[in-house]
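Single-structure report; data block below.
The values are calculated or read from the model by the stated rules, or taken from the named source; none is laboratory data. If you're wondering where the values come from, they're calculated on a predicted model, not measured in any experiment. Using ideal geometry, Cβ is built from the backbone for each residue, glycine included, and neighbour counts are taken over all protein chains shown. What goes into the accessible areas is simple: the full protein's heavy atoms, side chains included, and nothing from ligands, DNA or RNA. Shrake-Rupley method; radii C 1.70, N 1.55, O 1.52, S 1.80 Å.
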Amino acid sequence: MPSLNSFPIRYKERPYGDSCILWVEAPEIARDARPGQFVTVGCDGLMLRRPLSVHRVKGEELALMFSATGTGTRWLSERKEGERLDLLGPLGRGFELPPSPTRILLIGGGKGIFPLIFLSEWALDRGFRVSLILGAKTREKLYPAHLVPCGVNLSLITEDGSYGDRGKVTDLLPLSGEVNYIYACGPSSMYREATLKLSGKEVQVLLEVRMGCGVGACHCCTINTKRGPKKVCQDGPTFLLDDILWDELSL
Ligand code: FES
């Protein structure tokens, strides 16, 4: 059952570029949150709440990571430790891991890495072997490697070659070795290329779309899938890559 309350910010980080992490003490949400789920945040002066994926969970605190590029996220990035945030969550359907530990592959493009950090920690804690392909346009936009959890087998790539290999994350696919469980988050262009390279594999992807209510009431996040129309906020935000009708999607 999602919790709606105001919770104190305990710690703020500015890890790189325009990104910001707010650690919020929200025991009810931290206890129930699963990787891939999100919360909505009330932002001063904005009618619509802002959806943010859960980036990490530690004890009674959860971390929300975002780029401060819009009105709401800029306002959030200016909040100080001790101030309270109005949060509703956890919301949506998170990633599903296989029933017993095995090797999994995570693919994070740009800001798509934010929710995958929670998934990698969750999986490592449960005995999974985790490989991560992490990419961005440039070194400045790349999630810092030292923040990736210990134990993750990491491959880095940038489009301009300023760090790691040169190219896109999809250039490293398929990764050598057998891996049947793949989880991805990134821009729609990455997903479109992944559909060509990973056909036949079961790939769970996390979609980030514009939302209104965040709880299935307004239909503004509806997408078309092979199983009919689906609401990203309620039926997702995780979907099977092959289920989405990409040609009918404008992200
Ligand atoms: Fe309102 Fe999804 S945001 S139904």
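If you model the range 29-78 as an ellipsoid using its alpha carbon gyration tensor, with each semi-axis the square root of five times an eigenvalue, the axes come out at 21, 11, 9 Å, biggest first. Looking at the range 59-178, I'd like the Rg to Rh ratio, where Rg is from alpha-carbon atoms and Rh is Kirkwood's inverse mean 1/r. A ratio of 1.00.
Counting only the Cα atoms, the range 186-242 fills a convex hull of 75 Å³ per residue. Taking the 0 to 90 degree range and rounding to the nearest ten, how far is the long axis of helix 188-197 tilted relative to the main principal axis of the chain, both from C-alpha atoms? Roughly 30 degrees between the two axes.
Radius of gyration over Kirkwood radius for the range 1-66, both on Cα atoms: the Rg/Rh ratio is 0.94.
Reported to the nearest whole Å, the Cα centre-to-centre distance from the range 94-119 to the range 1-32 is 20.
Annotation for E81 and D125: the two label points, set 7 Å from Cα along the Cα-Cβ direction, are 2.3 nm apart. Here the spin labels are modelled as points 7 Å beyond Cα on the Cα-Cβ line, and at E178 and D165 they lie 2.2 nm apart. Remark: the E202-E140 segment gains 19.2 nm on full extension, using 0.36 nm per residue and subtracting the alpha carbon distance. Spin-label model, D32/R14: points 7 Å from Cα along the beta carbon direction are separated by 3.5 nm.
Angle, helix 113-125 long axis vs. longest principal axis of the chain, Cα atoms, 0 to 90°, nearest 10? The angle comes out near 80 degrees. Fully extending the segment from L48 to C150 would add 33.0 nm, taking 0.36 nm per residue of separation and subtracting the current Cα-Cα distance. The packing ranking of peptides 28-38, 156-166, highest mean first, is 28-38, 156-166, where packing means the average number of other beta carbon atoms within 10 angstrom of each residue.
For the residue pairs K197/K226; K141/K230; K201/K226, alpha carbon separations beyond 25 Å are given by K141/K230. Our compactness index for the chain, the C-alpha radius of gyration over the empirical 2.2 N^0.38 Å, is 0.96.
If you take the alpha carbon atoms of the range 3-119 and fit the smallest convex hull around them, that volume is 108 Å³ per residue.
Coupling constants for the range 21-35 follow from the phi torsions by the Karplus curve (6.51 cos²θ - 1.76 cosθ + 1.60, θ = phi - 60°), and in residue order they are 10, 10, 8, 10, 7, 9, x, 5, 6, 4, 5, 9, 5, 10, x Hz; glycine and proline get x.
Accessible surface for the chain, divided over its residues, is 47 Å² per residue with a 1.4 Å probe.
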